[in-house]
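Just below is one structure, and these are the notes that go with it.
The values are calculated or read from the model by the stated rules, or taken from the named source; none is laboratory data. Here the structure is a predicted model, which is why all the values come from computation and not from measurement. All Cβ positions, glycine included, derive from the backbone under ideal geometry; neighbour counts span all protein chains shown. Only protein heavy atoms, including side chains, enter the accessible area calculation; ligands, DNA and RNA are left aside. Shrake-Rupley method; radii C 1.70, N 1.55, O 1.52, S 1.80 Å.
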Amino acid sequence: QVQLVESGGDLVQPGGSLRLSCAASTSIFSRYVMAWYRQVPGKQREFVAFITGGGSTNYANSVKGRFTISRDNAKNTVYLQMNNLKPEDTADYYCNAVLGSVASWGQGTQVTVSS
């Protein structure tokens, strides 16, 4: 498994932007499919976006056009740029790394969208 450390969560007003980062401790970062999920307390964790080692991406419909996932393989880091944030984006955001059948999770970073 790989250790993942998220950062960048904060309190932001509706319509604002945040960029989340997730640093991975592995020498083969480029081989991992990286993803972001989010979870509201009491609800199931839901998929937000993923990016392959080659840069292919996919997004949940609820964030398409507002969020952008990217990665820097030289820095072993994946990012989630979140624009036009809405109150319903409030959640704990988790980084996920998958290689084959092995998945690793970060500890989460809190995003609160409120005026």
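Some notes on this structure:
- Net length gained if the chain between residue 107 and residue 86 were fully extended (0.36 nm per residue, minus Cα distance): 5.3 nm
- Relative packing of peptides 6-12, 39-45 - highest average C-beta neighbours within 10 Å first: 6-12, 39-45
- Computed over protein heavy atoms with a 1.4 Å probe, the accessible surface of the chain works out to 52 Å² per residue.
- For the peptides 70-76, 46-52, 91-97, the ranking by packing is 91-97, 46-52, 70-76, with the highest mean count of neighbouring Cβ atoms within 10 Å listed first.
- For peptides 102-113, 77-88, sequence by mean Cβ density within 10 Å, most packed first: 77-88, 102-113
- Taking the accessible area of the stretch 1-96, probe 1.4 Å, and keeping the other protein chains in place, the carbon and sulfur fraction comes to 45%.
- Rg followed by Dmax, in Å, when the chain is reduced to its Cα trace: 13.3, 42
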